[in-house]
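First the structure, in the form of structure tokens, and then the observations on it.
Since every read-out is calculated from the coordinates, none of them should be taken as a lab result. The shown structure was predicted, so the numbers you read here are calculated from the model rather than taken from an experiment. Neighbour counts are summed over all protein chains in view; Cβ atoms, including those assigned to glycine, are modelled from backbone coordinates with ideal geometry.
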Amino acid sequence: MSSSGWTSTSMPYLTPRSPGAVDAWTDEAERAGHRGTQRIVHAGELTAPAEVTGMLGLAGGNTVVARRRIIELDGEPTELTDTYYPMGIAAGTPLAGTARIGGGAVTLLAALGHVGVRVVENVTARMPRSDEVEQLHLGPGEPVLQLARTTYDSADRPIQADIMVMPAARQQLRYEIRIG
């Protein structure tokens, strides 16, 4: 943890886990001496938002499978995460339901034959919408970070799009890049 709050890295969230393992968030929080939980507040099919159609390379009006979660650290909301999947990947799978997925969605995707090999992340800072202020327990004038991540398979097809919103003052994003 940093002085500004939670420090998170992306790599554990991109790597399938062994059978029976907990999801990456629960594991990361436990290793830091905390309790990481998540509440799935929506799962199912919906028309893809404009930002998501671009991320997944879809035509406007296409339907996707979406999962909306509130991520908590020690019982306090720390992140809102919306994850979107192309219908051909997620329709009829546990990704379309509200039950927890053993090992996390990345592990299920790998079992379904969809392994991410490349990720593009865009991070922006902005002022929160009113629903985000309420859900994240933000103070007046407190900004958020938005991380938009697209995961691609070995054929360079987008298999997952995530839009994560987190309190800027309580987060630190850490990137470690290895060349070659």
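Overview of results
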{"quantity": "Antiparallel bridges, percent of DSSP beta bridges restricted to region 6-174 (to nearest 5)", "calculated": "90 percent"}
{"quantity": "Relative contact order, percent, region 69-180 [alpha-carbon distance under 8 Å, six or more residues apart]", "calculated": "29 percent"}
{"quantity": "Computed FRET value (nearest 0.05) for LEU173 with THR63, which takes r as the C-beta separation and R₀ as 30 Å", "calculated": "0.45"}
{"quantity": "Label-zone membership for region 142-158, site MET127, 7 angstrom Cα→C-beta point, backbone N under 20 Å", "calculated": "142-147"}
{"quantity": "Amide hydrogen neighbours beyond the local backbone of THR78, cut-off 5 Å, H modeled", "calculated": "ILE71, GLU72, LEU73"}
